[in-house]
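Enquirer: Structure in structure tokens, see below.
The values are calculated or read from the model by the stated rules, or taken from the named source; none is laboratory data. Just so it is clear, the structure is predicted and the values come from calculations on it, not from any experiment. Note: ideal-geometry Cβ built from the backbone for every residue, glycine included; neighbour counts use all protein chains shown. Accessible surface areas use protein heavy atoms only, side chains included; no ligands, DNA or RNA. Shrake-Rupley method; radii C 1.70, N 1.55, O 1.52, S 1.80 Å.
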Amino acid sequence: PIVPIAIRGGRASMQKGSRIIRPVTLKIRVGRPIETAGMGVENRAELIVKVRAEIERLLAEHTASGHPA
């Protein structure tokens, strides 16, 4: 299975063009596993859509709970 993970806050750790990484607080959400048994290369596009939708759901859920985007 593929376990979708949504991460917020990482972008603030580096400024564009800088090599310095600053400490930040990350928000990490772990999604429901998406089964891949029996899938082949021909199912790749469908799987990408499912994983992306789950990550978007996790991000929306985080925003809806009153946490900043």
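Enquirer: Rolling a 1.4 angstrom probe over the protein chains, ignoring ligands and nucleic acids, what is the accessible area of Arg29 in square angstrom, nearest 10?
Expert: Estimated to the nearest 10 Å², Arg29 gives 70 Å².
Enquirer: Taking square-rooted eigenvalues a ≥ b ≥ c of the alpha carbon gyration tensor, is segment 1-48 rounded, prolate or oblate, where a/c under 1.5 means rounded and, failing that, a/b exceeding b/c means prolate?
Expert: Judged from the Cα gyration tensor, segment 1-48 comes out prolate (a/c at least 1.5, a/b above b/c).
Enquirer: Over the chain, with the other protein chains present, what is the accessible area per residue in square angstrom, probe 1.4 angstrom? Mind showing how you got there, number by number?
Expert: On the way: 5500 Å² over 69 residues.
That works out to 80 Å² per residue.
Enquirer: Follow-up. When the helix-only estimate is applied to the chain (DSSP H runs of n ≥ 4, each -39,500 (n - 2.57), divided by the residue count), what is the mean residue ellipticity at 222 nm, nearest 500 deg cm²/dmol? Please report the intermediate quantities before stating the final value.
Expert: Numbers: 1 runs with 21 residues, N = 69.
Result for the chain, helices only: -10500 deg cm²/dmol.
Enquirer: So what are the ³J(HN,Hα) numbers for segment 6-12, from phi and the Karplus equation (6.51, -1.76, 1.60; θ = phi - 60°), rounded to whole Hz, Gly and Pro as x?
Expert: 10, 10, 10, x, x, 4, 6
Enquirer: Same structure again: How much accessible surface area, in Å² rounded to 10, belongs to the heavy atoms of Arg22 with a 1.4 Å probe?
Expert: 100
Enquirer: While we're here: Tilt of helix 44-64 relative to the longest C-alpha principal axis of the chain, in degrees (0 to 90, nearest 10)?
Expert: Between helix and principal axis, roughly 40 degrees.
Enquirer: Roughly how much of Ile20 is accessible, in Å² to the nearest 10, using a 1.4 Å probe?
Expert: 110
Enquirer: Computing the accessible area with a 1.4 Å probe over protein heavy atoms, can you report the carbon and sulfur percentage for the chain?
Expert: Within the chain, the accessible surface is 59 percent carbon and sulfur.
Enquirer: Take Ile34 and Ser18, extend 7 Å from each Cα along the Cα→Cβ direction, and tell me the distance between the two endpoints in nm.
Expert: Here the modelled spin labels are 3.4 nm apart.
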